[in-house]
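Read through the structure below, which is laid out as structure tokens, and then see the notes.
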Amino acid sequence: LLLFISRCPTLSLSHLAFFPFQLAPVGTCVTKDRLRNVEKHLHPDPSMADEEQLEVSEEALKTYASECIGDGNLVVVVLGASGDLAKKKIFPVLWALHRDGLVPADTAVVGYARSKLSHQELIDNFKPNLKAKDDQKEQLQSFLDSIKYVAGDYQEQSAFDNLNKELDAIQKSCPKANRIFYLALPPSVYQPVTKNIRQACWSKSGWNRVIIEKPFGRDTESSGKLSQHLASLFTEDQVYRIDHYLGKEMVQNLLVLRFGNRVFSPLWNRENIRAVQITLKEPFGTKGRGGYFDEFGIIRDVMQNHLLQVLSLVAMEKPISTDADDIRAEKVKVLKCIKELTLDDIVLGQYVANKIEGNEESSKGYKDDPQVPKDSNTPTFATAVFRINNERWEGVPFIIRCGKALNEQKAEIRVQFRDVAGDIFEDTVRNEIVIRIQPNEAVYMKMMVKSPGMSFKASQTELDLSYGSRYKGWVLPDAYERLMLDVIRGSQLHFVRSDELAEAWRIFTPVLHAIDDGKKKPIPYKFGSRGPEESDKFIADLGYVYTHYAWMET
């Protein structure tokens, strides 16, 4: 790491907190293999670091890791261990951190759920999702052996007393018993589970951290009740409201792109930017989960959380430091400047069958799912405009568009600049900075140049930073992997604070209640289309201009 820092004179050891792959095992030897494993995430060629530099890095990592965790033992408790989230995300992430030597070697994992499962049945449930090479089989077995399972009810404290006995047995010889409780559970049991954790399983000798998955309520009232309940049990620095979008490479990149490049600072305002569009498109429907989705809809599912978080990072003012609370304070400030949405600010859609060849799911519309009521008013598509009432952004529409069963899979941010003043060419189009979050992470700028050859005609091209081409061999970790490591380190930079959550629900609650009451109906759109045509017209009326551009294949 010191080698890496030496090549970047603006960095110092204080910046180590922002590298997701720096944590070395505590209480065990920091080997050169582990150091090289960390190094490969910073540079694709581990041989770049010589032995002397590795020795220096070893001491830095030992010191830093000790500051992060201390001399205690860590147990991660996965509540809802038999569920889909645990099977597909949490256990694979814990294995990845164990495999790469990024958590203490003696870290233990305890699964807890109502299901009466044997240890082997639990393992069989998630093992197919663990990626391991042939030479990692022994390491994988070591990880699986570290997992325990306790079955019990979510409502009864006596069941959590039994869980605590298992935790105490694991950590009985440790001077500090550090514990993470991951709630991979439905929101309906958050309150009894958190109460039982606090009363029965709270470590008295180390730190405790609680990870909570969205949804964080359905509106201002329900979210407020949950926040008040959590505040009665835990301090804010013990609660980690996880939004996996904040763990994505290009979302985390927004802060550096905005505040680490002088060229953008004078342009990032209403004088130069005409519109901002944030898009999330999924080419599949509800995939048999219509009953669950119908309780929330696309706005509560992705717009109110994932995409509003992205908006706040695009629009926020420069924080006074990279401290988590300083950054989150600026996000709250910009959210406070956003007016509450009204029905006039939004276009809704609901997909219907289209029968696309080779796509079996397309033959069924949203309401064809037997779990979905035939009179459901739940939107599967939404476009909304947000207006930020401050000096920087007044008059600039921030458009969020998201939906299921669309024509492609894509998540991106488009910052579109104003027209060239006094344009002397005939074919100029607006400049755009495009940040592609997924798939194929990239940052590119659409700009005008002279057409090659004898012509003096202006044509559109791009300045392209595609990560797959520029950073070949670099490892881009899963978002959950980054965020889990942040929790272990005690960094809340990429987690949602309670006042952020309150502001987000303030913006959305009135329009959500109006939709729930049937005051606005979703427009039918065909499976595999761009969504309702009314959405495109809505966006055009706001001043955003679509341009047709042929991406050059290389």
| field | Rounded tilt (10° steps) of 324-336 against the dominant C-alpha axis of the chain | value | 40
| the chain: calculated mean residue ellipticity at 222 nm from DSSP helix runs of at least 4, using -39500 (n - 2.57) | -9500 deg cm²/dmol
| task | With a ≥ b ≥ c taken as the square roots of the eigenvalues of the C-alpha gyration tensor of the stretch 412-554, please select rounded if a/c is under 1.5 and otherwise prolate if a/b is larger than b/c or oblate if it is not? | result | oblate
| query | Amide H to amide H under 5 Å from TYR351: which residues, 5+ apart in sequence or cross-chain, H placed 1.01 Å off N in plane? | reply | TYR366, THR380, TYR525
| said: Where in the chain is the longest stretch that carries no GluC sites (Glu not before Pro) classed as loop by DSSP and with at most 16 other Cβ atoms within 10 Å? | reply: 1-155
| query | Protein chains only, probe 1.4 Å: how do HIS306, HIS119 rank by accessible area, largest first? | reply | HIS119, HIS306
| said: What does the extension gain come out to for ALA105 and GLU357, with contour length at 0.36 nm per residue minus their alpha carbon separation? | reply: 85.7 nm
| said: Taking every alpha carbon pair in the stretch 147-187, what does the distance histogram look like in 5 angstrom bins from 0, in percent? | reply: 5, 19, 25, 28, 15, 6, 2
| request: Sort largest first and round to whole Å: the equivalent ellipsoid semi-axes of the chain, each the square root of five times a Cα gyration tensor eigenvalue. | output: 40, 31, 23
| query | Which of the listed residues, VAL449, PHE508, ALA421, is farthest toward the dipole's positive end in the stretch 396-543, when Lys, Arg count +1 and Asp, Glu count -1 at the beta-carbon? | reply | VAL449
| note | FRET efficiency (LYS137, LYS287; Cβ distance; R0 41 Å; to 0.05) is 0.80
| message | Name the residue from LEU313, ILE298, GLY288 whose Cα lies farthest towards the positive end of the charge dipole of the stretch 247-377, charges +1 on Cβ of Lys and Arg and -1 on Cβ of Asp and Glu. | response | LEU313
| remark: With x for Gly and Pro, the residue-by-residue ³J(HN,Hα) of the stretch 446-460, computed from phi through the Karplus equation 6.51 cos²θ - 1.76 cosθ + 1.60 at θ = phi - 60° and given in whole Hz, is 7, 8, 9, 9, 6, 5, x, x, 6, 5, 10, 7, 7, 9, 8
| said: Taking all protein chains in place and a 1.4 Å probe, what share, in percent, of the accessible surface of the chain do carbon and sulfur account for? | reply: 50
| said: Could you report the accessible area of CYS174 in Å², rounded to 10, computed with a 1.4 Å probe on the protein chains as they sit in the structure? | reply: 40
| query | How far is helix 32-42 tilted, in degrees, relative to the longest principal axis of the Cα atoms in the chain, given as a value from 0 to 90 rounded to the nearest 10? | reply | 10
| query | Say each of VAL545 and SER265 gets a label point 7 Å from the Cα, pointing the same way as Cα to Cβ; how far apart are those two points in nm? | reply | 3.0
| task | Give, rounded to the nearest 20 debye, the magnitude of the charge dipole that the stretch 326-469 has about its Cα centre when Lys and Arg contribute +1 at Cβ and Asp and Glu contribute -1 at Cβ. | result | 280
| Averaged per residue, what accessible area in Å² does the stretch 87-205 show with a 1.4 Å probe, protein chains only? | 47
| field | For the stretch 507-519, Karplus couplings with θ = phi - 60° (6.51, -1.76, 1.60), whole Hz, Gly/Pro x | value | 5, 9, 4, x, 6, 5, 5, 5, 5, 4, 7, x, 7
| Computed Rg/Rh of the stretch 290-364, alpha carbon atoms with Kirkwood Rh | 1.17
| Over 30 Å between alpha carbons, listed pairs LYS457/LYS526; LYS131/LYS195; LYS339/LYS364; LYS116/LYS281; LYS127/LYS172 | LYS457/LYS526; LYS131/LYS195; LYS339/LYS364; LYS116/LYS281
| field | Of ASN359, TRP393, THR383, farthest towards positive along the dipole that unit charges on Lys, Arg, Asp, Glu beta carbons give the stretch 350-400 | value | TRP393
| Is there a pair in LYS87/LYS176; LYS89/LYS248; LYS404/LYS521; LYS287/LYS367 whose C-alpha atoms are over 23 Å apart, and which pairs would that be? | LYS87/LYS176
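Multiply the residue gap between THR342 and ASP145 by 0.36 nm, knock off their C-alpha separation, and tell me the result in nm, one decimal place.
Stretched fully, the THR342-ASP145 segment lengthens by 65.6 nm.
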| note | Residues whose modelled amide H sits under 5 Å from the amide H of ALA442, counting only those 5 or more places away in sequence or on another chain, are ARG436, TYR467
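Quick check: residue separation of LYS116 and ASP419 times 0.36 nm, minus the Cα distance between them. What number comes out in nm?
Working: separation 303, 0.36 × 303 = 109.08 nm, distance 6.39 nm.
Extra length from LYS116 to ASP419 when fully extended: 102.7 nm.
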| note | Applied in sequence order to the stretch 394-405, the curve 6.51 cos²θ - 1.76 cosθ + 1.60 (Karplus, θ = phi - 60°) yields integer Hz couplings, x standing for Gly and Pro, of 4, x, 9, x, 9, 9, 10, 10, 8, x, 9, 6
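Apply 1/(1 + (r/R0)^6) to the Cβ-Cβ distance of LYS410 and ARG387, taking R0 = 41 Å, and write down the FRET efficiency to the nearest 0.05.
After rounding to 0.05, the efficiency reads 0.95.
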| remark: Placing each pseudo-label 7 Å from Cα in the direction of the beta carbon, GLN228 and SER173 end up separated by a distance in nanometres of 4.8
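How would MET445, MET316, MET454 rank on accessible area, largest to smallest, probe 1.4 Å?
The residues order as MET454, MET445, MET316, largest area first.
The values are calculated or read from the model by the stated rules, or taken from the named source; none is laboratory data. All of these numbers come straight from a predicted model, not from anything done at the bench. Using ideal geometry, Cβ is built from the backbone for each residue, glycine included, and neighbour counts are taken over all protein chains shown. For accessibility, only protein heavy atoms count, side chains too; no ligands or nucleic acids. Shrake-Rupley method; radii C 1.70, N 1.55, O 1.52, S 1.80 Å.
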